[in-house]
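All remarks here apply to the structure that follows.
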Amino acid sequence: MPDADPYLPVAAEVSEWLSVLDGAPLQALMDQACALRRQGHGDVISFSPKVFIPVTRLCRDACGYCTFAKSPRAVASPFLAPDQILDIARQGAEAGCTEALFTLGDRPERRYRVARAALAALGHETTIGYLGEVARLVQRETGLLVHLNAGILSTDEIAQMRRVSVSQGLMLESTSKRLCQKGGPHYGCASKFPAVRIAMIEAAGQQAVPFTTGILIGIGETRRERIEALLTIKNMQERFGHIQEVIIQNFLAKPGTTMCGADEPAFEELLWTVAAARHVLGARMHIQAPPNLSFARFAEILAAGIDDWGGISPVTPDFVNPEAPWPQVAALRVATESFGCHLVARLPIYPEYLRDGKRWVDNSVLPAAIRASDTDGWARSDSWSPGLANSVMLGLPAIVERRAGDIDRIIGRALDGLRLDVASIERLFRARDGEVGEIAGAADALRQKISGDTVRYVVNRNINYTNICEYQCAFCAFSKGKTSAALRGKPYNLALDEVGRRAAEAWARGATEVCMQGGIHPDFNATTYLALLRVVKQSAPGIHVHAFSPLEIMHGAASLDLAPVHFLEMLRDAGLGSLPGTAAEILDDTVRALLCPDKLRTHEWLAIVEDAHRVGLPTTATIMFGHMETPGDWARHLLHIRDSQERTGGFTEFVPLPFVHIEAPLYYRGQARKGPTSRETILMHAVSRLVLHPLLTNIQTSWVKLGAAGVGNCLAAGANDLGGTLMNESISRAAGAEHGQEMPPEAMDRLIASLGRAPEQRTTLYRRAPLEREVASYNAAPLAPLSFAPPQVRPTAPLRNAQLT
């Protein structure tokens, strides 16, 4: 039998803890535990929406309190068939579950011949072998993330199950050997010896498996033995760090068991044990008590120090405690919010483990976990994703009355124009429920104060002159190699006369701006960009040219061995009016190393846009969010923009760009989320309004990525600008966006008016568009067909020295 001594606490330590915990008044103990919980988890209480899949009810053990395990005569079949399992899982997925909890008896084939025969008919020798097959099937077919409670596993079996699940579990239950003696609840149960269970939990830690364990109270153990079990868990956690949650489960006497007449633990005993667990295991441990076993006394359980309600199923009963139905999530939400906390759905892997997913999750299942998560690592709160025409963003949550707190203080500082710190901005981004409505309301009131009810937009045309690019940005579905036809479209390189034709057509249709950007073509140099600029100004002399990302500026300058500022001066003198502040993505080099490793670093991007500002070329500022970054990264990005604006004042607007995942390589490789959630998108617009106040006054929202309903939400959360009519939109469409390539002025006006706001056409630099431009923009002629040249090197003679001065 394995030796459990390395993790069992010494008697003196147990006595010391017992003296402290047993001697304290229960309410004081709970108050201290609740304070620890708030220190470790703030105001978030989580739960896992799950579907319960009992693969087999047969078991080699015969615990004195269990009704889950059945005899072969009491079950229709020894094992659920794959189609039965898949049917249960699909019901769970349709009901919004994220977790498939597989639970089963311990190795029934070692006790029952009928189990061995059934496994053979299924093509397996062991229960664990069959479990691996159906777990993989469920994850592949439904997208549910698998958590396994499979009994005692060998080291090899743990590794095998790690490839089909994001987490595993085994209740320690108790470290008391007495309970395994004759007359005890674990007598005759080979898998219940404490040393056996400790050895498996240790083996899971050695293989970095996110793990659930816990203790069962009221089966004959003493308080001292409970503390010994909790300290044993703590010792294993300190060595391996893999125990992501600890369950405190209270015994219920069940008819038909040998313990049917045993006394159940008093509710105060459950409260004491939950509070003791929080004290022993610390502020950061996730501790849960099953709500269906708490007799609906939810507020008291919360007050004892839990931060998680465990798994709750809208589809299946608790097969282990069928006499105790799951509470309605709505009831838990009311109780949680009444306690001053937010109820948040989670995945079967907790956020801190998912953030370090390469360590804790096998590559075969990690992509599914990332895709199911939001930016904080919780379960996505809705099914919406940017770019999808048939998916509607959730609206703003209602504001609820509450006592003033940290959110109010942070908003107050922002409204006073003070620079917030990273922690304060992160707190805003982590807002939930009514807090989101409060932040959005404050941002919208600030918008009203600054720009009134006017919503502006520019009539413009996008001209993406080439999609050939030598960079390998992980998020980009627009750029192609010289001959690549992967994803959407083929490589192209527009002829100069086609660029000129599009500019002239845009002018004829009322445009005041052309926005030009393209891939970083390896054959392009400074002459290319000047030629593009020249042909546009020749074809439409009055049009404002908003062109060339900071990355293109760097590329063009390098081709002349010039500092970017000197190349910017050349472009300005040739007619460039402003720059799009794209290629920013996330201004944090740790993220950029994964997202766009060969692109500009943060300080290089900032240096180029500030050079542009200093030579008289305004720029926009952007953020691309919702892929693999964190709220802390968002906060640092916003502060970079604010600080830069304070230095130069050259940003005209801030443009949040939600990541469109549909065709993005990063998403296909399983490294990105499905874009931001509705909550995150609303918060990005609202928080940017607050953080950038009073230095940057225009916040734009993207109809291409959000659709009409989405921009309506964001215009009610601090945004005041709808960007451009575009005429041709290529980059978001290449990523899979389905909201169209043009929103003409008539449609812009209708959308804005439908929101009770006043539309106004503007120029790139936020002046009112000339009347003749407005008149020309309405009822414009249809666009002529586009012409695309095959990839070719555009002849670009090098500049002479005389041209550089």
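Where a number appears in this text, it was derived from the coordinates with a stated rule and is not lab data. These numbers were taken from a predicted model, which means no experiment stands behind them. Backbone-built Cβ (ideal geometry, glycine too); neighbour counts: all protein chains shown.
Charge dipole of the stretch 220-283 (Cα centre as origin; +1 on each Lys and Arg Cβ, -1 on each Asp and Glu Cβ, all else neutral): 200 debye, rounded to the nearest 20. The listed peptides 109-118, 257-266, ordered by packing as a protection proxy, come out as 109-118, 257-266 (highest mean of other Cβ atoms within 10 Å first).
For the chain, the mean residue ellipticity at 222 nm estimated from helices alone is -12000 deg cm²/dmol, where every DSSP H run of n ≥ 4 contributes -39500 (n - 2.57) and the total is divided by all residues, rounded to the nearest 500. How high is the FRET efficiency from residue 445 to residue 120, r the C-beta distance, R0 56 Å, rounded to 0.05? It comes to 0.20. Calculated FRET efficiency, residue 319 to residue 590, Cβ-Cβ distance, R0 = 51 Å: about 0.70 to the nearest 0.05. The gain in end-to-end length when the residue 26 to residue 328 segment is fully stretched comes to 105.9 nm, 0.36 nm per residue minus the alpha carbon separation.
Close amide H contacts of residue 625 (hydrogens built in the peptide plane, cut-off under 5 Å, sequence separation of 5 or more or a different chain): 657, 659. When the chain is described by a simple charge dipole with +1 on each Lys and Arg Cβ and -1 on each Asp and Glu Cβ, the residue from 76, 434, 103 located farthest towards its positive end is 76.
If you sort the three axes of the alpha carbon gyration tensor as a ≥ b ≥ c, you get a/c of 1.5 or more for the stretch 68-212 and a/b no higher than b/c, which makes it oblate. Think of the stretch 565-629 as having a plus end and a minus end, set by charges on the Cβ of Lys, Arg, Asp and Glu; of 577, 608, 566, 577 sits farthest toward the positive end of this dipole. Taking Cβ atoms as reference points and 12 Å as the exclusive limit, the residues near residue 380 contribute a net charge of +1, counting Lys and Arg as +1 and Asp and Glu as -1.
Listed by chain and number, the lysines whose C-alpha is less than 22 Å from the C-alpha of residue 674, apart from same-chain residues fewer than 8 away, are 50, 358, 705.
Give the percent of DSSP beta bridges with both residues in the chain that are antiparallel, rounded to the nearest 5.
Rounded to the nearest five, the antiparallel share is 5 percent.
Within the same chain, lysines fewer than 8 places from residue 182 are excluded, and of the rest, those with a Cα less than 19 Å from its Cα are 192. Our coupling estimate for the stretch 212-218, obtained by passing each phi through the Karplus curve with A = 6.51, B = -1.76, C = 1.60 and θ = phi - 60°, is 10, 9, x, 10, 10, 10, x Hz, Gly and Pro reported as x.
A Förster radius of 60 Å combined with the Cβ-Cβ distance from residue 758 to residue 284 puts the calculated FRET efficiency at roughly 0.75. Projected label points at residue 786 and residue 523, each 7 Å from Cα along the beta carbon direction, are separated by 2.1 nanometres. When peptides 27-37, 622-632 are sorted by average Cβ neighbour count within 10 Å, with the highest value leading, the order is 622-632, 27-37. When Rg and Dmax are taken over the Cα atoms of the stretch 326-461, they come to 18.6, 56 Å.
Rounded to the nearest Hz, the phi-derived 3J(HN,Hα) couplings of the stretch 256-273 under the Karplus curve 6.51 cos²θ - 1.76 cosθ + 1.60 (θ = phi - 60°) are x, 10, 5, 9, 5, x, 6, 6, 7, x, 5, 4, 5, 5, 5, 4, 4, 6, where x marks glycine and proline. A cysteine counts as unpartnered when no other cysteine's C-beta lies under 4.7 Å of its own; in the chain this applies to 34, 59, 97, 180, 189, 260, 341, 469, 515, 714. Comparing 244, 189, 206 along the charge dipole axis of the stretch 183-273, the residue lying farthest to the positive side is 206, per the Cβ-charge model.
Against the chain, whose longest principal axis comes from its Cα atoms, helix 11-23 is set at around 80 degrees. The residues packed around residue 27, meaning those with a beta-carbon under 15 Å from its beta-carbon, carry a net charge of -3 if Lys and Arg are +1 and Asp and Glu are -1. Taking amide hydrogens as placed 1.01 Å from N in the peptide plane, the amide H of residue 46 sits under 5 Å from those of 308, 309, 344, each at least 5 positions away in sequence or on another chain.
The mean sequence separation of alpha-carbon pairs under 8 Å and at least six residues apart, normalised by the residue count of the stretch 211-332, gives a relative contact order of 23 percent.
Amide H contacts for residue 544 (H built 1.01 Å from N in the peptide plane; partners 5 or more residues away or on another chain; cut-off under 5 Å): 513, 514. Peptides 558-567, 676-685 ranked from most to least packed by the mean count of surrounding Cβ atoms within 10 Å: 676-685, 558-567.
Shown in residue order for the stretch 280-287 are the 3J(HN,Hα) couplings computed by the Karplus curve 6.51 cos²θ - 1.76 cosθ + 1.60 at θ = phi - 60°: 6, 8, x, 5, 7, 5, 7, 10 Hz (x for Gly and Pro).
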